[in-house]
1. Restricting to region 241-299, and then to whatever is in contact with a His (Cβ under 7 Å, 6 or more places away or on another chain) and either in a helix (DSSP H, G or I) or open to solvent by 30 Å² or more (accessible area, probe 1.4 Å) (or both), can you tell me which residue is modelled with the highest pLDDT?
2. Would you check which residues across region 88-111 are touching a residue at least 60 places away in the same chain (Cβ under 8 Å) and among the small types (Gly, Ala, Ser) and list them?
3. Of the conditions (1) assigned to a loop (DSSP other than H, G, I, E, B); (2) under 30 Å from GLY271 (Cα atoms), LYS423 satisfies every one except a single condition; which number is it?
4. Find all pairs meeting these conditions: Cβ atoms under 7 angstrom apart; at least six residues apart or on different chains; first residue within region 331-344 and over 30 Å from VAL308 (Cα atoms); second residue open to solvent by 50 Å² or more (accessible area, probe 1.4 Å).
5. Take TRP335 and decide whether it is closer than 17 Å to GLN158 by Cα, within 23 Å of the chain's Cα centre (by Cα), outside any loop (DSSP other than H, G, I, E, B) and at pLDDT 95 or above.
6. Out of contact with any Lys or Arg (no Cβ under 9 Å at 6 or more places or on another chain), within 25 Å of SER364 (Cβ to Cβ) and of a type in the set (Val, Ile, Thr): does that describe VAL126?
7. Looking at THR90, THR95, which is the one that is open to solvent by 10 Å² or more (accessible area, probe 1.4 Å) and closer than 28 Å to ASP429 by Cβ?
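The values are calculated or read from the model by the stated rules, or taken from the named source; none is laboratory data. This one's a predicted model, so the numbers in the text were calculated from it and none came from an experiment. Cβ sites come from the backbone with ideal geometry, for glycine too, and all protein chains shown count toward neighbours. Accessible surface is based on the protein model in full, side chains and every heavy atom, while ligands, DNA and RNA are left aside. Shrake-Rupley method; radii C 1.70, N 1.55, O 1.52, S 1.80 Å.
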Amino acid sequence: MKNMKRGLVGISTLLVMTSALAACGGNSNSNSNSSSPSATPAPAANAAEAPTKGTGEKVTINLWSFTDEIPNMTKKYLEVHPEVNVEFKTTVIATTDGAYQPALDQALSAGGKDAPDIYAAESAFVLKYTQGDASSYAANYADLGLDDQMVKDAGIAQYSVDIGSLDGKLKALGYQATGGSFIYRRSIAKDVFGTDDPAKIKTEVGPGWDKFYDAAAKLKAKGYGIVSGDGDIWHPIENSSDKGWIVDGKLHIDPKREAFLDLSKKLKDNGYHNDTTDWTEAWYADMSGAGAQPIFGFFGPAWLINYVMNGQVKDTNGDWAVTEPPTGFFWGGTWLLANQQVTKDDAKKQAVADFMKWVTLDTSETGLQYFWANGTMKAGEQGTKDSVASSVVMSKSNGEVPLLGGQNMFDVFVPANANASGKNLTQYDETINKLWRDQVREYTAGNKDRAKAMETFKQQVKDQLGIESE
């Protein structure tokens, strides 16, 4: 993934219509993350016909996505499956300025031959398409011949299945797994804790936030911050809560999420961080050790290491390691759905099912996930490695990366994926999370007291989404 999804190096809001190349695709992997900034525009892909080995009429699959990541996968698919009689017509619309969802919703509603056959949704809004307002458009995986046993055999993380399911019926799966870790500086660990061993460091920073703040105090005594900004602890807090933002149709503030107010203030009041905002230059500077005080670590999945930190660490490259976080969580991801209309056409149904299986469930060494995990999307070229949905694939893949000093990150990310929960999301998370984090920063900055910050947050949710508080 040389392009970060959701806007790290995404694509412009231009709509791109194209047929996929039959030639070998590049490892243009991008990652999911809804908090990332707007993306640099990418050029439209070239158009070409797929190979026509086999018999019968060529099947055209309309594929919709918000980056070129999945469209580029089609190139690899056609390369390793030259016998298929399929062409992909891709539509790419960036999530910038909220352009993707309205366009996708209109296309699904309109139906017809140009409707999406396969479409992507990221973690920030995937529940709308799997369990929410637009879930009726998605086919059940079982209706495509992709059953629960295949999911079990591939060792797909339960959080990903839960997010992709409605009433026990699977409607979406991802190809990455985005379970989170604590990513820390080895040299700082040795200076403060006397070791950089991940098995020892996990007991210094957790389990639980009390131990994390004990570690923060030890680090501060030696002139280090434990994290760059309060955004670094938000994702583990958000995704480890017992309930989501909406319960029985009303705004619910889970106690674990409410605690973010106090945990954030504790960071600021004690100087345990550099008070940066994620996705800003100051945040990136802390990855290279160029901030106000050296920063010990960041929370994130494999994509944060490989597609964000990798370009920012500079002289700290190789001085990092990963260990278990104080609490299990995930951050980001992209899920793949099929339009239920494809089940009415046997040829299209089979073509769609074959591609989606190759992306989400194939554990062989010619499946997408094996290429993805090992960074071998391009023949003869070592690309970026990533944590994938299948634990079976990761168990037979090499997760050693230079940024981590040669550590095999899959040893940490396989259990991280298993420890994540997908039961506390709602289709409104993208909007509500932003409102919440803004008010928490108002509180920690001293601009509002705690009660006023909570009051403003509840009123904003009501004004913007029409959702009353409990």
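1. LEU267
2. Of region 88-111, the ones touching a residue at least 60 places away in the same chain (Cβ under 8 Å) are 88-97, 99, 103, 108, 111.
Scanning region 88-111 gives ALA94, ALA99, ALA103, GLY111.
3. (2)
4. Sorted first by the residue in region 331-344, then by its partner, the pairs are ASN339/TYR137; GLN340/TYR137; VAL342/LYS349; THR343/ASP143; THR343/LYS349.
5. Considered against the rule, which asks whether it is closer than 17 Å to GLN158 by Cα, within 23 Å of the chain's Cα centre (by Cα), outside any loop (DSSP other than H, G, I, E, B) and at pLDDT 95 or above, TRP335 comes out as yes.
6. no
7. Among THR90, THR95, only THR95 is open to solvent by 10 Å² or more (accessible area, probe 1.4 Å) and closer than 28 Å to ASP429 by Cβ.
Conditions tested, residue by residue: (1) of a type outside the set (Val, Ile, Thr); (2) touching a strand residue (DSSP E or B) at 6+ places or on another chain (Cβ under 9 Å); (3) touching a residue at least 12 places away in the same chain (Cβ under 8 Å).
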position: GLN158; (1), (2), (3): yes, no, yes
position: GLY168; (1), (2), (3): yes, no, no
position: LEU173; (1), (2), (3): yes, yes, yes
position: ARG186; (1), (2), (3): yes, yes, yes
